[in-house]
Ligand code: BDR
Ligand code: CA
């Protein structure tokens, strides 16, 4: 069996193959059946592309989408998630509305990037079903408490929903296989010089999640700024010529026009989470301890990444006294491979 990128699993299956000094390519995990997945998101253009890829993949069994306030207020993020499900013909996937604001701070949104609706630039259908009656936090608790097979969480938004679920019922950790989070930066921010949007928006929630001891893979800005949407990428997506690809191209054209002039394209943050789950070999990373700044106004929401030492033939050393497992922090992406994967999934159901 191929090794998982989850360190616990690695410890189990790689007894005779010690940790490499630095993990340069994440190994490919191939489970027997579809991976049970919950997507916690705030659509948002890049969340929308992530949902398109995930919901068009036969490799996932998407148990639900949990929406949170982030790029736009909650009433829009949950509505946008349902509109995307309708577009994708995935009315079978329930959408749960979660927390309408961060734990302690006032809501910060990002309409300047995603537009007033969160999905400006494209025509989407009306939802095919109502938002679920159950609160997203209670859905997370119920599913994770009862899971016969551990569930993977793809988190592409402020981490408020997961933090509240962990505060209410810490034992749900047993039902989680892995949490893959888009957020933070090793050496950069996009809201302040040191803080990225998802962690800046709810730093206290991020701190709860990173102090939980869950197996976490972090997809920071350092990776997503390698996956840049250019006009050529948009043209290739539009050329697929189906309703989903047309919406994707329209959304990305709007999103691209909002980009920072310093970059050669618009960073496609959230789809990297799904791409990593489908093709971990497209990414490189290293084990680290990640702490979130919640005290200083100047550096609020900063992710402080401290590499763990990796003795040859041994296990990663260091880490906090509580013995938390290291976070897998990604730092490289094969952008061409990621876009190939996205294109293949926008063309219809992909493996
Ligand atoms: C993150 O912030 C949001 O605007 C995007 O959807 C992404 O999740 C990037 O910093
Ligand atoms: Ca997002």
Exercise for review: For residue 211 and residue 232, compute 0.36 nm times the residue count separating them, minus their Cα-Cα distance, and round to one decimal in nm.
Suggested key: 3.5 nm
Exercise for review: List, largest first, the extents of the alpha carbons of the stretch 71-185 along their principal axes, each in whole Å.
Suggested key: 41, 34, 26
Check your understanding: By DSSP, what percent of the beta bridges with both residues in the stretch 34-346 are antiparallel, rounded to the nearest 5?
Key -> 40 percent
Check your understanding: So what are the three principal axis dimensions of the stretch 34-346 from its Cα atoms, in whole Å, longest to shortest?
Key -> 53, 43, 39
Review point. On full extension of the chain, what length is gained from residue 123 through residue 149, given 0.36 nm per residue of separation minus the C-alpha to C-alpha distance?
Key: 5.6 nm
Exercise for review: May I ask for the angle, rounded to the nearest 10°, between helix 231-240 and the longest principal axis of the chain, with both axes built from Cα atoms and the value confined to 0 to 90°?
Suggested key: 70 degrees
Review point. Once the Cα atoms of helix 45-55 and of the chain are each reduced to a long axis, what angle between those two axes, in degrees from 0 to 90 to the nearest 10, is obtained?
Key: 80 degrees
**Study point:** Choice from 323, 185, 213 showing the highest fluctuation, given a GNM over the chain with Cα pairs closer than 10 Å
**Key:** 323
Revision key, fill the gap. The extension gain from residue 332 to residue 239, computed as 0.36 nm times the residue separation minus the Cα-Cα distance, is 30.7 nm
Review point. In a GNM of the chain with a 10 Å cut-off on Cα contacts, which of 192, 332, 152 has the highest mean-square fluctuation?
Key: 192
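FYI, it's all coordinate maths here, none of it is from the lab. As the structure is a prediction and not an experimental result, all values here were calculated from the model.
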